[in-house]
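Single-structure report; data block below.
What follows is calculated from the coordinates using simple rules that are stated; it is not laboratory data. What you are looking at is a predicted structure, and each value in this text was computed from that prediction instead of being measured. Positions of Cβ are backbone-derived with ideal geometry, glycine not excepted, and every protein chain shown enters the neighbour counts.
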Amino acid sequence: MVELADRGVRLVLTAATPSDPGAMASVLTGLHARQHGVMGEPGGPGGPGEMGRPAQWDDALPAWLQDQGYHTAGVGQVGAIADQLHVARVTAGVEVADPTPDRCWYAAAARARGHASALSQQRRQLRRAGPIGPDRLMLEPEEDIDGFIAQLAVDALEDMPSDRPWALFVVFSGPGNDLPPPLGFDQLVESRGLSRGFCPVVLEGLDDLAQPDLPRAVLQRLQVHQVERLRADYLGRVSLIDHGLGRITDALEARSDADRTYTTLASDRGRMLGEQGLVGPRTFLAPSIEVPLIVAPPAGRSDLAPTQKFQDGIFGTVDVAPTVAALAGADVPTDRVGRSLLPIFNGDALAPGPAANLSEFGDRVLVETERHKAVFRVSDGACLTLFDMADDPDEGYNLAKTGPGRARSLALRGTLGAALLPLRCGRG
């Protein structure tokens with residue numbers, strides 16, 4: 001990842017929704033959650049356990065590339081766009097306890113290797129108890145789901161055509177899948193000392209701050225050593241995926257068209273790992289919604305090196321699909337709120353962006369400016385949280401109920417209205 005960032009442009013984005021599967025829907029469609037409607041609400045369309053499929057999937061990044069003559073393929077968690085790809089090797093999400101081998105390449109491989117029942121038991125335990133005490137299986141890296149996806153990607157690169165442009169979508173399961181890393185990566189990071197920033201959860205005001213994935217009683221009992229282990233596991237999975245990216249990069253560089261192939265690395269959302277006592281993605285705090293975007297030109301092509309490596313500004317995951325489309329010379333539908341960030345490569349001015357970044361899930365919406373973050377409840381317009389990111393970058397002091405905060409929230413409500421205005425497909 002560092003090598004890709006060094007030779008390309010790296011930016012920090014705001015997730016359009018910090019809950020699955022709406023986060024990935026925004027990445028691939030360039031639409032805000034309010035437009036595509038996949039909000040990831042428990043029990044609702046696109047909720048946990050179901051990769052929701054909005055109608056806009058038929059007009060997403062794979063279709064734009066195919067219109068330009070690209071061969072498209074995908075491996076990993078690409079079930080929602082599988083029927084839009086020429087080739088798809090799909091793996092089911094870890095929330096599916098018993099994926100069927102005919103619909104999940106990973107399940108088929110696990111059955112062939114004889115550890116399908118152990119994987120199923122691990123996933124059931126994860127659904128029952130959450131990430132605090134997961135079953136630890138003695139898996140080799142290639143037997144882990146993300147190691148397996150990396151191998152699928154390496155194999156897919158061998159099958160990519162050499163006589164036409166192509167795009168390969170690789171969607172890993174982690175690092176935020178709450179599974180411990182496999183052998184060789186499970187003890188890669190020393191857990192001791194990884195509790196920095198952890199503090200016990202404060203129940204007062206918690207409903208305004210987040211919709212916790214774990215029961216409050218579990219959060220209240222969260223211990224330092226558990227947070228340290230949780231973070232060590234997460235970093236182990238990051239290292240596993242980084243190793244997989246290295247394998248993919250090596251396979252790419254062995255191709256004859258390597259000097260014409262760009263690599264884009266992005267994430268759909270982040271995750272809380274004990275910050276403010278929270279675990280999971282369903283909050284608008286920075287660890288949950290700030291994600292990277294790296295756009296790297298072919299290795300060794302100094303003529304394609306960016307003139308600018310980084311830029312501050314308001315960027316979102318809705319910008320990912322338009323950026324990749326611009327890279328490929330593909331057209332983007334005019335109703336997409338995202339914009340191409342490629343002008344940054346040449347130090348050129350970007351197209352005018354939104355008045356503020358938006359992020360949404362459930363019954364709450366975030367409006368984020370260069371300085372402030374405010375969360376409003378959709379049903380009654382109440383301001384739940386307000387943070388001044390200049391004076392309080394750790395988001396520890398909620399200004400929403402203070403006098404100055406109430407005045408600032410009124411101004412931000414106007415900013416929110418201006419940002420929502422282009423979203424013509426609201427949920428009503």
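Specify the residue with the greatest mean-square fluctuation among VAL337, VAL202, VAL238, computed from a Gaussian network of the chain linking alpha-carbon atoms under 10 Å apart.
Evaluated over the chain, the most mobile residue of the options is VAL202.
Hey, got the dipole for region 363-428? About the Cα centre, +1 on K and R Cβ, -1 on D and E Cβ, debye to the nearest 20? All intermediate terms of the calculation are to be shown ahead of the outcome.
Numbers: 10 positive and 9 negative charges, 85 e Å.
Magnitude of the dipole: close to 400 debye.
Arrange TYR262, TYR70, TYR106 by Cβ neighbour counts within 10 Å, fewest through most, would you? Show your work: numbers first, answer last.
Details: TYR262 15, TYR70 19, TYR106 25.
So the residues, fewest neighbours to most, are TYR262, TYR70, TYR106.
By count of other Cβ within 10 Å, fewest leading, how are THR29, THR100 ordered? Walk me through the intermediate numbers first.
Details: THR29 27, THR100 11.
Sorted ascending by nearby Cβ count, the order is THR100, THR29.
What does the helix-only formula give at 222 nm for the chain: each DSSP H stretch with n ≥ 4 adding -39500 (n - 2.57), the total divided by the residues, and the result rounded to the nearest 500 deg cm²/dmol? Show your work: numbers first, answer last.
Working: 13 runs with 133 residues, N = 428.
My calculation for the chain gives -9000 deg cm²/dmol from helical runs alone.
Go ahead and run the numbers for FRET between ARG221 and ASP135, Cβ-Cβ distance against an R0 of 22 Å, rounding to 0.05.
With a Förster radius of 22 Å, E is 0.65.
Please identify the DSSP H helices in the chain that span no less than 24 Å along the helix axis (Cα) and have a mean Kyte-Doolittle hydropathy of -0.5 or more.
Those that clear 24 Å and a mean of -0.5 are 224-253, 403-420.
Normalising by the residue count of region 57-139, find the relative contact order in percent from Cα pairs under 8 Å and 6+ residues apart.
17
Return the loop-located trypsin sites (Lys or Arg not before Pro) in region 379-428 (DSSP other than H, G, I, E, B) with at most 10 other Cβ atoms within 10 Å of their own Cβ; answer none if there are none.
Here the sparse-neighbourhood loop sites are ARG424.
Along the positive direction of the dipole of the chain (beta-carbon charges: Lys, Arg +1; Asp, Glu -1; about the Cα centre), which of ILE248, GLY147, PRO99 reaches farthest?
The listed residue farthest towards the positive side: PRO99.
Please state the charge dipole magnitude for the chain, taken about the Cα centre, from unit charges on C-beta atoms (+1 on K and R, -1 on D and E), reported in debye and rounded to the nearest 20.
940
Can you compute the charge dipole magnitude of region 301-428 about its Cα centre, using +1 on each Lys and Arg Cβ and -1 on each Asp and Glu Cβ, nothing else charged? Give it in debye, rounded to the nearest 20.
With only Lys, Arg, Asp and Glu charged at Cβ, the dipole is about 380 debye.
Could you give the longest part of the chain that holds none of the GluC sites (Glu not before Pro) found in DSSP loops with at most 11 neighbouring Cβ atoms within 10 Å?
Values: sites that count: GLU190, GLU204, GLU370.
Longest site-free region, per DSSP loop and neighbour criteria: 1-189.
May I ask you to sort SER359, SER302, SER267 by Cβ crowding, counting other Cβ atoms within 10 Å and putting the fewest first?
So the ranking, lowest neighbour count to highest, is SER302, SER267, SER359.
Quote to one decimal, in nm, the extra length available between ASP58 and LYS401 on full extension: 0.36 nm per residue of separation minus the C-alpha distance between them.
119.1 nm
Based on the alpha-carbon set only, what is the convex hull volume of region 2-355 divided per residue, in Å³?
So the per-residue Cα hull volume is 141 Å³.
Run the numbers for ARG196 and ILE314: contour at 0.36 nm per residue of separation, minus the present Cα-Cα distance, in nm.
39.7 nm
Please build a GNM for the chain, connecting alpha carbons under 10 Å apart, and tell me which residue among ALA266, ALA217, ALA73 fluctuates the most.
ALA217
Relative contact order for region 203-288: what is it in percent, counting Cα pairs under 8 Å that are at least 6 residues apart?
Computed value for region 203-288: 46 percent relative contact order.
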